[in-house]
Structure formats: structure tokens, C-alpha cells
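All of the numbers you see were taken from the coordinates with simple rules; none came from a lab. This one's a predicted model, so the numbers in the text were calculated from it and none came from an experiment. Methodologically, a virtual Cβ is constructed for each residue, glycine included, from the backbone with ideal geometry; neighbour enumeration extends over all protein chains shown.
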């Protein structure tokens, strides 16, 4: 179901405009994406989601490309068309090429297959792989 109520900048409240301005400045873009315009229907959700996303995707131990590849992989697994498009574009902007995308798709497919096999067979987790194993490397 498509959102019928995307809040454009000129129709936004000052609270929403402030978030839009931060999105544009942080991402160095002239327009905010439809995702944010849809969330603007509920300004508190818009502000909270933007704040969390900005924090999670900020520079850290993982480089920006790795973060986008992870986000893209989860979006593909969750079958979120919007997120696949958005984070696919962001990953390409961060340096993903076709070879990387091909490998990413292979890993996603393999992980989904082996996850389902492990769940279907109800494979018990090996003691050496458990976080609570005193002999593990954790």
C-alpha cells in the first residue's frame, strides 16, 4: 500500500523541517527521501528514527561501505523494496561494484539456505561455538 501522505518540506511543521534540514546537511543532499516524508506524518517517529539511523550509520569500527552492505543484505532478506533501492544506491556511492554485489548476493543466498537447514534440522549449537563456553575465545 503506497503512502498517500508524504509530507513535503513546504508543508512541514517547524519540528519536521528541522529534521529534514539535518538529513539534508548530514547526507549532503538537496531533497529528503520519501521514507522520511512518510515518517513525517508522526514527527516523533521521524525524529527518533533519524537520530537512531544517524548514530548507527556514523563512522565507527565498521567502514561506511561495510555498514551499507550489511544494511542492503538485511533489506534483501526482509524483501524491503524501498530499503533495497535506498541502501543499494548508498552502497554503490560508498564503492560497491558489480563484483562485490555478486558476492554479497551469494553470501545472502547461502546464509538464508544454511539458516533454514539449521533451523529445519534443529541443529544444536556446538559447545565450542557458545558464548558461555569457558573454553571459547570470547
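Once the C-beta distance of residue 25 and residue 77 is scaled by a Förster radius of 35 Å, the resulting FRET efficiency is 0.65 to the nearest 0.05. For segment 60-123, what class follows from the C-alpha gyration tensor (a ≥ b ≥ c being the square roots of its eigenvalues): rounded when a/c is under 1.5, otherwise prolate if a/b is larger than b/c, else oblate? Verdict is prolate for segment 60-123.
Would you mind checking the tilt of helix 81-94 against the longest principal axis of the Cα atoms of the chain, expressed as 0 to 90 degrees and rounded to 10? The answer is roughly 90 degrees.
For segment 7-58, the square roots of the Cα gyration tensor eigenvalues, ordered a ≥ b ≥ c, give a/c of at least 1.5 with a/b no greater than b/c, which places it in the oblate category. A helix-only calculation puts the chain at -20500 deg cm²/dmol for mean residue ellipticity at 222 nm, using -39500 (n - 2.57) for each DSSP H run of at least four residues, averaged over all residues. Here residue 62 and residue 126 are evaluated by their C-beta separation; at R0 = 25 Å the FRET efficiency comes out at 0.40. Here the Gaussian network model covers the chain, with springs between Cα atoms less than 10 Å apart; of 122, 27, 92, 122 fluctuates the most.
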